[in-house]
Amino acid sequence: MKKLFFGAIIMIFASSCNFQKRNIEKAISGITKEEMVEHVKVLASDEYQGRKPFTVGEKKTLAYLENEFKEIELEPANNGSYFQDVPMVEVSVSPNEIMEIHSGYKKINLKYKDEFVAFSHQLIDEININNADLVFAGYGIVAPEYNWNDYESIDVKNKVVVVLVNDPGFGTTNEDMFNGNAMTYYGRWTYKYEEAARQGAKGVLIIHQAKPAGYPFSVVLNGATIPKLYLQPKDNYMSRCALEGWLTLDAAHKVFKKFNIDLDEEMGKAKTKEFKAFSLGAKVNFKMLSKHKFAVTKNLLGYIKGSERPDEVIIYTAHWDHLGIGPVHNGDSIYNGAVDNGTSLAWMMEIAQAFKSLRKTPERSIMFIATTSEEQGLLGAKYYVQNPVFPLSKTVANINNDLMLPFGRYKDVMITGSGQSELEDYVAEFAKKQDRYIFPDPNPHTGMYYRADHFAFAKAGVPALFVRGNCDSREYGKEWAAKMEKNWLENYYHKPADEYDANFWDLSGTEEDAKLLFRVGYKLANEKTFPKWKEGSEFKVVREEYMSK
């Protein structure tokens, strides 16, 4: 009798497992590249005008996404609304055409756009840099954990600081030098501006170099010469530097040479702990006018309430915005953003639809956020993290995607920010089932882990994932994939040419990535444990501090 009883129990358990497996596979089969294409066609059409916040493009985009969330039957996540207001300010600057640098009888004039770009967070009508001392501060980094302080030997209050892009580990195989050739957050331009402000500098100029920056000066120029969006501040950003900007490498060489300083030699010294910041013995004169417009843009949030632990959540993100209408390239001025980030929006909506189609709801909640203003500095994601619907201590993980290239299936799953968290182990498990392998980002020096929305979550301590096939085409191999990516970055990235093209687009790889990351989220949603940051991650301490309370 006992044998019959236990046998029946085993049969019921096995039947339940088989049912759930069939349920998952059926949900996954609903993720299709054909549906993804339809989303991209709409969102990247000229009608949507490049999806820039505060434009007709924003209204059309949010209306489309809200309708899709309703059709999927996601619940409104923000107190009965799909929308989260993100108060922002649009800043338009008109810089002088010349930045004057002088010392006694020596004077050099730099030309706006050709040799430098300039902007400002400060919400005042006129920025005036008047005879401010010019200082070279190496990489402009203060990193106690690396025993590094570029500002230790100098007071830069009310001065203009010139710093290098990236961090001292760039170009080295020494893993003990910061994170070796992989950029840390200390290498990002956002950090350079933040640290210079903490040091009391009047201004900060970053010397641009294409390889350590990860993009050509044309990308800097495109971003700097259009109105910028910032989150609305409490202090009018008066705690920021009055001047923020970039110098071309040629312009920096010209300035240093004018004042009898060998820039190449100083750049070499800046890679050592023995480096000491110094004054160039020159002063800066520069003005720019500034106009401000306050407005509200929106994040879009929908979720599936968990069946057992609804207060715990896994968050999928993809930004909805792009650059709108800008400078004309080849007769076109609409920056459609089909790859950036239409493909990822389609990826996220297919995953949402798959979760909603499950007959048994996951134990934890699953939320989907289409974030605003990523292109302006991850602002929508930052605002959400500062004003979360679910407490960060109950946020299990963030799974984000961006720039999902439409070139077919890949053998690899590229991990951006490899070695950061245990989430990578989940990816490895399911990648193997797709006959794929894990591949660390081959260009870690570009700091891509710090350049997309997941970073806002990571910086706040939430384990965050940014992965997709990218480097090894299943059909054509690695060299072909690298060539296609290079071509896209040079000719399509942040340009009007980033449009849907039925003649060569193939979203079968994006479909496969969606299926993979659905499985990752499903496993996370039915566990009781929380994934952790790995040893050596700069975000581990942040997470542990509030999780231990």
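Each reported figure results from applying straightforward, stated rules to the coordinates on display, with no laboratory input. The shown structure was predicted, so the numbers you read here are calculated from the model rather than taken from an experiment. Positions of Cβ are backbone-derived with ideal geometry, glycine not excepted, and every protein chain shown enters the neighbour counts.
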Practice problem: Under 1.5 on a/c is rounded, so check that first for region 340-454, then, if it is not, pick prolate when a/b is larger than b/c and oblate when it is not; a ≥ b ≥ c are the square roots of the alpha carbon gyration tensor eigenvalues. | Solution: rounded
Quiz item: Measuring from label point to label point, each 7 Å out along Cα→Cβ, what is the LYS291 to ASP425 span in nm?
Solution: 5.5 nm
Quiz prompt | C-alpha center-to-center spacing [region 277-311, region 236-269] in angstrom | solution = 24 Å
Quiz item: Gain in length, GLU527 to GLU71, computed as 0.36 nm per residue apart minus the alpha-carbon separation, to one decimal in nm?
Solution: 161.3 nm
Self-check item: Cleavage-rule hits (trypsin sites (Lys or Arg not before Pro)) in region 129-222: DSSP loop, at most 10 neighbouring Cβ within 10 angstrom
Solution: LYS157
Practice problem: Compute the whole-percent fraction of alpha carbon pairs in region 91-292 spaced more than 20 Å apart. | Solution: 54 percent
Quiz item: Once the mean 1/r over all distinct Cα pairs of the chain is inverted, what Kirkwood radius in angstroms do you read off?
Solution: 24.7 Å
Self-check item: Fraction of beta bridges assigned by DSSP in region 91-292 that are antiparallel (%, nearest 5)
Solution: 65 percent
Practice problem: Please give the length that would be gained between LEU489 and ASP155 if that part of the chain were fully extended, namely 0.36 nm times their separation in residues minus their C-alpha to C-alpha distance (nm, one decimal). | Solution: 116.3 nm
Quiz item: Which percent, nearest 5, of DSSP beta bridges in the chain are antiparallel?
Solution: 60 percent
Self-check item: Tail weight of P(r) past 20 Å, computed on alpha-carbon pairs of region 476-549, percent
Solution: 62 percent
Quiz prompt | chymotrypsin sites (Phe, Trp or Tyr not before Pro) within region 436-523: DSSP coil, no more than 14 neighbouring Cβ in 10 Å | solution = TYR476, PHE504
